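The values are calculated or read from the model by the stated rules, or taken from the named source; none is laboratory data. This is a predicted model, so every value here is computed, not measured. Ideal geometry is used to build each Cβ from the backbone, glycine not excepted, and the neighbour counts take in all protein chains shown. We work out accessible area using only protein heavy atoms, side chains counted, and drop any ligands, DNA or RNA first. Shrake-Rupley method; radii C 1.70, N 1.55, O 1.52, S 1.80 Å.
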Protein chains: 4
Amino acid sequence: MSLKRPHLISQLGHVELLTPKLEETLKFFVDSVGLEVSDRKGQSVYLRAWGEFHHHSLKITEAKTDGLGHIGWRAESNEDLMDAAQFIEALGCGEGWIEGDIGHGKAYQFRSPGGHLQEIYWDVEKAQIPEEKKSRWKSRPQQKVERGMSARRLDHVTLWSNDVKADREFYQKLGFKHNEAIYLPEPLNKELGAVLAVSSLSHEVAVFLDAEKRFSNLNHVCYALEDRSQIFDAADLIKENGYKLDYHPAKHAAGEGYFFYAIEPGGNRLEIYAGSPLYFAPDYGPVCWEVTENPNDVYTEENIFARDKVANKN
Amino acid sequence: MSLKRPHLISQLGHVELLTPKLEETLKFFVDSVGLEVSDRKGQSVYLRAWGEFHHHSLKITEAKTDGLGHIGWRAESNEDLMDAAQFIEALGCGEGWIEGDIGHGKAYQFRSPGGHLQEIYWDVEKAQIPEEKKSRWKSRPQQKVERGMSARRLDHVTLWSNDVKADREFYQKLGFKHNEAIYLPEPLNKELGAVLAVSSLSHEVAVFLDAEKRFSNLNHVCYALEDRSQIFDAADLIKENGYKLDYHPAKHAAGEGYFFYAIEPGGNRLEIYAGSPLYFAPDYGPVCWEVTENPNDVYTEENIFARDKVANKN
Amino acid sequence: MSLKRPHLISQLGHVELLTPKLEETLKFFVDSVGLEVSDRKGQSVYLRAWGEFHHHSLKITEAKTDGLGHIGWRAESNEDLMDAAQFIEALGCGEGWIEGDIGHGKAYQFRSPGGHLQEIYWDVEKAQIPEEKKSRWKSRPQQKVERGMSARRLDHVTLWSNDVKADREFYQKLGFKHNEAIYLPEPLNKELGAVLAVSSLSHEVAVFLDAEKRFSNLNHVCYALEDRSQIFDAADLIKENGYKLDYHPAKHAAGEGYFFYAIEPGGNRLEIYAGSPLYFAPDYGPVCWEVTENPNDVYTEENIFARDKVANKN
Amino acid sequence: MSLKRPHLISQLGHVELLTPKLEETLKFFVDSVGLEVSDRKGQSVYLRAWGEFHHHSLKITEAKTDGLGHIGWRAESNEDLMDAAQFIEALGCGEGWIEGDIGHGKAYQFRSPGGHLQEIYWDVEKAQIPEEKKSRWKSRPQQKVERGMSARRLDHVTLWSNDVKADREFYQKLGFKHNEAIYLPEPLNKELGAVLAVSSLSHEVAVFLDAEKRFSNLNHVCYALEDRSQIFDAADLIKENGYKLDYHPAKHAAGEGYFFYAIEPGGNRLEIYAGSPLYFAPDYGPVCWEVTENPNDVYTEENIFARDKVANKN
């Protein structure tokens, strides 16, 4: 008999990015990605995509370096929030309750084994939409933004970690599905990457190995477009607006997302994504991707023409 | 404090259609919709879309008239299956256990208030893919079918019911989210339609009022394409193949799906769908669509240019 | 032996629209259609789409009513301009030379049998692109505009005429290909519409019958998007911006263009278009569409699910 | 005053490919590219895409090596054919008249300076469409093929030449527009590539330098899909069918076409293409792309993220 999977979390609520260049990072996300500003406070700005219902999905905060501030998970209910807090505390990685932040209520904070600060909350503020931006479509929170690439919603966050296995097991205990696994075969048998989901998305969080801590704690944050046909134009826009692409438009082998990578002015990597299929089965994964010491060889055989640059770096 | 929502069901597993013209219905789904045949037994044929992982998502069975045979829901786990059976039995609508069917294990059967036969199961057979159809993409069950419109997966089923409110409340008890509501305003205050989801899809089941039982028990079954850009070509194909469209390509107001309706040779209505956004929040709905006695007036004002022909019929 | 077809004209250069509401019409074309303003003079504003190389493709001029001001055709060369002027003069419909307008040099003016004022010119001013809008793509005139629906280029103009046959024969004499014909069958045998092209487009000009002069001289002007997948979003935008659709997104039978119609605030009809195939053969047409007195009957049988509302009005 | 440009040619009619593996090449073009067989004779098979009106656009002929057999251009009229033959004969590169081939009438053959055998003809046979493949859309020659990638039409042919300048000047004399130029700057000042068009397409023929005759006479032949959104799926199909990609899906800098390259079993390179804009002006080009001895450096700066592998090889 299968073990019952807990459903403590309903969605990836928000991600906080640190940036040494707050105004330039803000301009990038507003003008090029097409996000809307919900609020500003102190050294932070709160943003949301036009297709999102809650107050913000991105918080950018001025800091000395780029990287991840924290990840915010929305619980499935208030009762689930309480269960989650108790469960995480018992695991010994709790950091305790905070009163909340602009846009959401009290939150329980914790650190995953890889050291990433996270929080879980239930009470959330709906996006306040000015009258002139309200949509005639009742099932969308506001009119589509016709600015930059008009990204529709936050999709996932991908982290660097020095212990992928420990992180992966931690997320699984919280109810995440382990959809895809990237590893070195025997005799090394090392886990290089894990792709995990709380919903039918391919993943809300992925973790990749940075054993020597060469990088920041953040591999990338990812926003989704409506349609894979928009990927090429969006990549083009990034270049026309004077920013750098870190990977040209292509298709991931894992999860089959059409994507490209860009670097925002503060130094964080942004993925733009579309067309990844949905995975409903709790026992879908893990799909296993075996890589060798020479990833180029591997990817020729395994990944067809799409290359996963992230994994290549391991 | 919110009540905790049960998670008994992970996905809409399959739908059984009845047809007085088995071979013609089969040809329609194989050649035009692009489904694969998994098996045949007696007067039934079992089919799946190329992007689906389990044995079948459609069972077509010869019968005197068209309509719905039954709906199959896959549980979230075996323990959830047991919980669901106990819960449904207590509600008084259980029909008892069956040993299963080709493609899945033991199932608990029940009837919703509207009289639709349904079942819930956990054990499922994975699709058996012949060697020459295996894909180089590890995260897809088989190669994409280049036949007909290459539908990717089952999306939802929409039912006619003579008591929408009772049906809606029943699904909510089983943990479905009530995402959208269609109703007549005061003084009639009648519930005409309900759109309900178990995952982040807009809906896996919808129920519309047929107070006088003019229609069969099935409004339509819906398969999804990969991309909204494929909707026009797919509708064209239906006509080129000699079948009838019941509604030309358009966009639904509720759920914002791009769609068209076709009639398969057995008489059942098929919806083809793409581009509906995802709804993650457990407290998202219901978005309320108020209609009047004259739906044409309503839809001009409320639904922008997209018309929901289904609701129009009420 | 076939007669040699003259090549006097290289492209549809621009269309002048009359509007009783200049500023509102301007706002519509700039904010919603996404055109760029090239210049203003007197009661006229000159606009171009981001993908166009010349000074303007649209001139909007304040007037008492809506309708067509004139059509501007660019010659194939200066020598062709001279040949065209001489040829048209000999046909007896010349109006003589003008010195030109902002954006182009001397032009020879004439009236087609249906009374539409037209001109042909060779010298043309290239679009002046400010430094910050210059594109890194050398083969596009400027960066793609991320505003409104980002229409890429002028496609065609469709006229009302009280003598379709006379107009059609006139355009053919000038070297237009007669690609599609719409007519009433015997015994009436009346020509209702003609679709004509100078390039491999389906048409640069079409003429439809308005025998009783119920309408203005302009049926519609048409701009093209890059991709048929953008049609639904563009139609949505028109409604969100508070304008009226005159026909929801659909597919024309003639020319197979994906399209919708909108009404701009001055009263002129705008078509938005994508996905029409190219027709290279000089002897391709005419493809003949026979219609009856009851166009609804006709279109059910002949046009599959796409309806050509223009022809319906006859 | 500009010189009048002759209009002798209306379209690229067909390309003959040589292949040492006739049956395998045939299977590739029928099953994966989705072409239809029009006829077979001797060691040759004649094919056309579903969206093409004439007998064939591709002739594949068994031979010892891969490469180009010949290029067929359709004249603008019979009179233009006669003018072209006289003109080419006067240039000294005529090879004389042939009686024709299956699918077209008498043709005048010639060799361009680069040595590529070509022919021009006027009389052409329309595609014979079996009753069951006839389309309800009158403006398409037959139903869309739902097989492989369903390529819609021949787009262009790209040649290797040891004298790009001589070839380019030859095509210009025949009335081709020189739309794009690739060259080495001073002091070398060498012409590396020329992109030339007879219609509003970006090009029907391109010529790239192979000074040392390392390659065959054919760089690639190119078929167009309907929509750029289909590029990724089509590339995927090529791999799933067991063939090799020579360049992953990307966007060309010159002409802005979305494309990929595949190698057919006989060794010829096939380009699949979509989304290139149209160029109507006779004086549009040439857009100049300056490259250096190190093309990788160049393309980083000049070509944004898209790389033109063809030019890279020079």
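What separates the A:Gly96 label point from its copies, with the point 7 Å along Cα to Cβ, is 6.0, 9.2, 9.9 nm, written shortest first. Couplings 3J(HN,Hα) of region C:180-186, computed from phi: 9, 10, 10, 8, 7, x, 3 Hz, in residue order, whole Hz [Karplus 6.51 cos²θ - 1.76 cosθ + 1.60, θ = phi - 60°; x for Gly and Pro]. What the phi angles of region C:128-136 give under the Karplus curve with 6.51, -1.76 and 1.60, with θ = phi - 60°, is a coupling list of 8, 9, x, 3, 6, 9, 5, 9, 6 Hz, glycine and proline written as x. Every other copy gets compared here: list the nm distances from the B:Asp31 label point (7 Å along Cα to Cβ) to its counterparts, shortest first, one decimal. For B:Asp31, the inter-copy label distances come out at 2.1, 5.3, 5.7 nm. Between D:Gln11 and D:Arg74, the built amide H atoms are under 5 Å apart, and every one of these is 5 or more places off in sequence or on another chain.
In the neighborhood of D:Leu22, defined by Cβ-to-Cβ distances under 13 Å, what is the net charge if each Lys or Arg adds +1 and each Asp or Glu adds -1? If you can, show how the numbers build up before the last one.
On the way: positive: D:Lys21, D:Lys27, D:Arg40, D:Lys41, D:Lys59, D:Lys64; negative: D:Glu16, D:Glu23, D:Glu24, D:Glu62, D:Asp66, D:Glu264.
Net charge in that neighbourhood comes out at 0.
Helix-only estimate, please: 222 nm mean residue ellipticity of chain B, summing -39500 (n - 2.57) across DSSP H runs of length 4 or more and dividing by its residues, to the nearest 500.
On the way: 6 runs with 52 residues, N = 314.
My calculation for chain B gives -4500 deg cm²/dmol from helical runs alone.
Both numbers refer to the Cα atoms of the protein assembly as shown; Rg and Dmax are 31.2, 96 Å.
When the label point is put 7 Å from the Cα of C:Asp283 along its Cα-to-beta-carbon vector, which residues of region D:64-92 have a backbone N closer than 11 Å? Residues passing the 11 Å test: D:75-79.
Using +1 on the beta carbon of Lys and Arg, -1 on that of Asp and Glu, and nothing else charged, what's the dipole of the protein assembly as shown about the Cα centre, debye to 20? Display every interim value, and only then the final one.
On the way: 148 positive and 196 negative charges, 1 e Å.
Charge dipole, the protein assembly as shown, about its Cα centre: 0 debye, nearest 20.
Amide hydrogen proximity for A:Arg152: with H placed 1.01 Å from N in the peptide plane, the residues at 5 or more positions away or on another chain lying under 5 Å are A:Ala224, A:Leu225, A:Glu226. Backbone phi angles across region A:141-158, fed through the Karplus curve with coefficients 6.51, -1.76 and 1.60 (θ = phi - 60°), yield HN-Hα couplings of x, 7, 4, 4, 7, 9, 8, x, 8, 6, 4, 8, 6, 4, 10, 7, 10, 10 Hz in residue order; Gly and Pro are listed as x.
Placing a label point 7 Å from Cα along the Cα-to-Cβ axis, B:Pro20 is separated from the same position in the other copies by 5.7, 6.3, 7.6 nm, shortest listed first. When you restrict to C-alpha pairs under 8 Å that are six or more residues apart and normalise by the size of chain B, the relative contact order lands at 17 percent.
On a 32 Å Cα-Cα criterion, which of the cross-link pairs C:Lys27/C:Lys106; A:Lys244/C:Lys41; A:Lys144/C:Lys251; A:Lys21/C:Lys126; C:Lys41/C:Lys239 come out too long? Mind dumping the intermediate values first?
Values: C:Lys27/C:Lys106 30 Å; A:Lys244/C:Lys41 40 Å; A:Lys144/C:Lys251 24 Å; A:Lys21/C:Lys126 39 Å; C:Lys41/C:Lys239 30 Å.
In this structure, A:Lys244/C:Lys41; A:Lys21/C:Lys126 lie more than 32 Å apart at Cα.
Averaging 1/r over each pair of different alpha-carbon atoms in region D:50-125 and inverting the result gives 13.2 Å, the Kirkwood hydrodynamic radius.
Once the partner protein chains are put back, region A:66-86 shows a loss of at least 50 square angstrom of accessible area, versus the chain by itself, at A:Glu76, A:Glu79 (probe 1.4 Å, ligands and nucleic acids excluded). Its Kirkwood hydrodynamic radius, worked out from the mean inverse distance over all distinct Cα pairs, puts region A:97-173 at 15.9 Å. Bin by bin, in steps of 10 Å, what percent of the Cα pairs in region B:26-88 do you find, going until the bin that has the longest distance? Calculated P(r), rounded to whole percents: 19, 40, 28, 13, 0.
Contact order, relative form, for region A:114-195: 21 percent (alpha carbon pairs under 8 Å, 6 or more residues apart, mean separation divided by residue count). For the residues of B:268-276, the average number of beta carbons from a partner chain within 10 Å of their own beta carbon is 1.
Can you give the local net charge around A:Val221? Use residues other than it whose beta-carbon is closer than 10 angstrom to its beta-carbon, Lys and Arg +1, Asp and Glu -1.
Numbers: positive: A:Arg269; negative: A:Glu16, A:Asp155, A:Glu264, A:Glu271.
Value of the local net charge: -3.
Sum up the charges of everything whose Cβ sits under 15 Å from the Cβ of D:Thr61, counting Lys and Arg as +1 and Asp and Glu as -1, but leave D:Thr61 out.
Around D:Thr61, the surrounding residues sum to -4.
For chain D, a crude dipole built from +1 on the beta carbon of Lys and Arg and -1 on the beta carbon of Asp and Glu, taken about the Cα centre, is about 600 debye to the nearest 20. Backbone amide hydrogens, once placed in the peptide plane, bring B:Ser38 within less than 5 Å of B:Tyr46, B:Leu47, B:Arg48, excluding anything fewer than 5 places away on its chain. For chain D, the direction-averaged projected area of the alpha-carbon convex hull comes to 16.8 nm².
A simple charge model with +1 on the Cβ of Lys and Arg, -1 on the Cβ of Asp and Glu and nothing else charged puts the dipole of region D:70-187 at about 840 debye relative to its Cα centre.
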